[in-house]
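Here is the structure we will look at, set down as structure tokens.
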Amino acid sequence: AQTVTQSQPEMSVQEAETVTLSCTYDTSESNYYLFWYKQPPSRQMILVIRQEAYKQQNATENRFSVNFQKAAKSFSLKISDSQLGDTAMYFCAFPAGGGKLIFGQGTELSVKP
Amino acid sequence: DTGVSQDPRHKITKRGQNVTFRCDPISEHNRLYWYRQTLGQGPEFLTYFQNEAQLEKSRLLSDRFSAERPKGSFSTLEIQRTEQGDSAMYLCASGQDGGKPQHFGDGTRLSIL
């Protein structure tokens with residue numbers, strides 16, 4: 001069975017600092033995608049970044065980047081220059097059959113001024 | 001792109017009552033997904049449609065739950081004889097095949113009295 005594990009239930013970071021959120025997954029597939037989603041308090045879940053497994057280059061979106069280690073099945077999210085608006089739940093997600101997403105348990109990130 | 005919309009945003013009902021939620025996906029998306037999210041957890045897959053066909057149902061979807069997507073447009077999720085354990089956020093997402101990310105609605109928060 002495909003699983004996604006986020007081992008950090010809560011994290012905090014000072015504004016302007018860098019923080020890394022961890023995610024590991026398990027799959028027998030060789031070609032797949034991985035996603036990080038952000039869910040601010042009482043707000044909509046939005047996509048942060050996407051990684052294609054067949055690409056060796058780590059994805060980057062402005063202040064957000066990933067460290068994708070395919071052999072280790074690890075997919076961590078780095079947020080640089082953290083901003084107060086980054087405060088949210090962050091979910092790592094893996095699309096299984098039919099595209100349905102399997103989510104990790106989430107990491108609650110607090111950015112402190 | 002008007003986004004995914006869900007109605008209502010909040011629903012409070014007494015145990016044993018029936019409730020129905022609606023989801024309007026992004027018009028060009030052929031796939032529509034329903035998830036359930038309890039407090040502090042990641043969303044869990046319930047069911048998905050490709051166009052008007054319901055292709056998969058999770059074991060979480062008991063006989064009291066039914067979903068439809070007539071004409072491959074909007075979708076409804078009905079819960080009959082609600083129970084306390086049904087209290088959760090119900091999320092709808094739409095997407096396309098090929099590894100493209102899903103877009104989520106704001107969700108419907110269900111509270112059972």
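The values are calculated or read from the model by the stated rules, or taken from the named source; none is laboratory data. From a predicted model like this one, the values you see are computed outputs, not experimental measurements. Counting neighbours? That spans all protein chains shown, and the Cβs are built from the backbone with ideal geometry, glycine included.
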Original post:
Quick check: anything in the range B:58-67 within 13 Å of chain A (Cβ to nearest Cβ), within 30 Å of residue A:53 (Cα to Cα), touching a residue at least 40 places away in the same chain (Cβ under 8 Å) and surrounded by 15 or more Cβ atoms within 10 Å (Cβ to Cβ)?
Top reply: no
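Answer yes or no as to whether residue B:88 is out of contact with any Phe, Trp or Tyr (no Cβ under 6 Å at 6 or more places or on another chain) and under 24 Å from residue A:43 (Cα atoms). Outline the logic, then answer.
Details: out of contact with any Phe, Trp or Tyr (no Cβ under 6 Å at 6 or more places or on another chain): yes; under 24 Å from residue A:43 (Cα atoms): yes.
Considered against the rule, which asks whether it is out of contact with any Phe, Trp or Tyr (no Cβ under 6 Å at 6 or more places or on another chain) and under 24 Å from residue A:43 (Cα atoms), residue B:88 comes out as yes.
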**OP:** Exactly one condition in (1) within 11 Å of chain B (Cβ to nearest Cβ); (2) at pLDDT 95 or above; (3) more than 24 Å from residue B:90 (Cβ to Cβ) is not met by residue A:77; state its number.
**Re:** (1)
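So that you can scan it fast, the table gives a plain yes or no per residue for (1) among the aromatic types (Phe, Trp, Tyr); (2) outside any loop (DSSP other than H, G, I, E, B):
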site	(1), (2)
B:27	no, no
B:35	yes, yes
B:39	no, no
B:55	no, yes
B:59	no, no
B:66	no, yes
B:81	no, no
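From B:98, B:72, which residue is out of contact with any Phe, Trp or Tyr (no Cβ under 6 Å at 6 or more places or on another chain) and at the interface with chain A (Cβ under 10 Å from one of its Cβ atoms)?
Working: B:72 fails: at the interface with chain A (Cβ under 10 Å from one of its Cβ atoms).
None of the other options fit; the residue is B:98.
For the subset of the range A:63-74 comprising residues that are in contact (Cβ under 8 Å) with a residue 12 or more places away in the chain and aliphatic (A, V, I, L, M), which member is farthest from the other protein chains (Cβ to nearest Cβ)? If you could, list the steps in order and put the result at the bottom.
Step one: list which residues in the range A:63-74 are in contact (Cβ under 8 Å) with a residue 12 or more places away in the chain, which gives A:63-68, A:70, A:72-74.
Adding the requirement that they be aliphatic (A, V, I, L, M) leaves A:66, A:72.
Details: A:66: 14, A:72: 21 Å.
Among those residues, the one meeting the criterion is A:72.
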Subject >> Scope the range A:26-53; condition modelled with pLDDT under 95 and either in contact with a Ser or Thr (Cβ under 8 Å, 6 or more places away or on another chain) or away from chain B (no Cβ under 11 Å) (or both); matching residues >> reply: A:26, A:27, A:28, A:29, A:30, A:40, A:41, A:53
Subject >> Residue in the range B:41-53 that is surrounded by the fewest Cβ atoms within 10 Å (Cβ to Cβ), counting only those that are part of a strand (DSSP E or B) and more than 7 Å from chain A (Cβ to nearest Cβ) >> reply: B:53
Original post:
Does the range B:75-95 hold any residues that are within 13 Å of chain A (Cβ to nearest Cβ) and aliphatic (A, V, I, L, M), and which are they?
Top reply: B:89, B:91, B:93
Original post:
Restricting the search to the range A:84-113, which residues are part of a strand (DSSP E or B) and more than 9 Å from every other protein chain (Cβ to nearest Cβ)?
Top reply: A:88, A:90, A:94, A:107, A:109, A:110, A:111, A:112
